[in-house]
Amino acid sequence: MRAESDSPRVFVMRMVIGGKKNVLPEGIASGTLIIGWAKVPELMTLEPHAARRALLEQTYGRAPSTAGTHANEIHRFLNEMNVGDLVLVAAKDSGKYHAAEVIGDAAYHEEFRTSDTAYRRPARWLNHGRPYSRSAATPAIRQALKQRGMTCRRLDEPYSVVKSLLGA
């Protein structure tokens, strides 16, 4: 967890499960950020990185390097995001994106396991859940939102810059 004196950070996500199932509308409607990986509830507490990577390799048949990348991204969503952080989410329309402020801790919800959406984090969607135009974003934000196959990455764009772009 971040110390109180540390400033909030910015993360980028794609809320697409299995590369195909867009869960962004569900997330906006339920006030949550959502990731997949529901077959492995133990990711909430599993340490170290090598154990998370091995579990993803076994359960999802991922190559070690791919499983390692995913293990890091899942860890960011579950353990590094904090209340007050901003999250930018790529929209289905490539010219748009959504933004949310984290308002709670990540949790595994067993009732969503079959839909592969069990990992959730409470969020307040900015702009009333309506998308922002990527054309008004910085080049770093536009580039980060283009990345495919990502669960959650940290954006090295200053929080104050992103917050001002969002009018939040």
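Rule-based calculations on the coordinates, nothing more; no lab input. This one's a predicted model, so the numbers in the text were calculated from it and none came from an experiment. Quick reminder, even Gly has a Cβ in these numbers, built from the backbone with ideal geometry, and neighbours come from all protein chains shown.
Which ordering of Met81, Met150 is given by a fewest-first count of other beta-carbon atoms within 10 Å? Mind dumping the intermediate values first?
Numbers: Met81 26, Met150 17.
Listing Met81, Met150 from fewest to most nearby Cβ atoms yields Met150, Met81.
Going highest first, how would you order 62-68, 35-41, 10-16 by mean Cβ packing within 10 Å? List each step's numbers first, then the result.
Details: 62-68: 14.1, 35-41: 20.3, 10-16: 23.3.
Peptide ranking by packing, descending: 10-16, 35-41, 62-68.
Show me, for region 134-145, the HN-Hα J-couplings you get by feeding each phi into the Karplus relation (A = 6.51, B = -1.76, C = 1.60, θ = phi - 60°), rounded to Hz, glycine and proline as x.
Taking θ as phi minus 60°, the curve returns 5, 5, 8, 7, 6, x, 5, 5, 4, 5, 5, 6 Hz for region 134-145.
Per 0.36 nm of contour for each residue apart, how much would the distance between Asn82 and Thr45 grow if the chain were fully extended, relative to their Cα-Cα spacing?
Value of the extension gain: 11.7 nm.
Collect residues whose amide H, placed 1.01 Å from N in the peptide plane, falls under 5 Å from the amide H of Met15; neighbours closer than 5 in sequence don't count.
Here Ala90 satisfy the definition.
Using only the Cα atoms of region 49-91, what semi-axes does the equivalent ellipsoid have when each is the square root of 5 times a gyration tensor eigenvalue? Give whole Å, largest first. Don't skip to the answer; put the middle values down first.
Numbers: eigenvalues 112, 30, 9 Å².
Its equivalent ellipsoid spans semi-axes of 24, 12, 7 Å.
Over the chain, what is the mean sequence separation of C-alpha contacts under 8 Å (at least six apart), divided by residue count, expressed as relative contact order in percent? Provide the component values of the computation, followed by the final result.
Numbers: 303 pairs, mean separation 54.3, N = 168.
Result for the chain is 32 percent.
Using alpha carbons only, how many angstrom separate the centre of region 1-56 from the centre of region 109-168?
Going from one Cα centre to the other spans 12 Å.
Among the lysines in the chain, how many pairs, 8 or more places apart or on different chains, have alpha carbons under 21 Å apart?
Within the chain, the lysine pair count is 12.
Residues with beta-carbon under 12 Å from that of Asn22, excluding Asn22: net charge, scoring Lys, Arg +1 and Asp, Glu -1? Walk me through the numbers on the way to the answer.
Numbers: positive: Arg14, Lys20, Lys21, Lys92; negative: Glu26, Asp93.
So the surrounding residues net to +2.
Once the Cα atoms of helix 64-75 and of the chain are each reduced to a long axis, what angle between those two axes, in degrees from 0 to 90 to the nearest 10, is obtained?
60 degrees
Computed from these coordinates, which is percent of Cα pairs over 24 Å apart: (i) 31; (ii) 35; (iii) 53?
(i)
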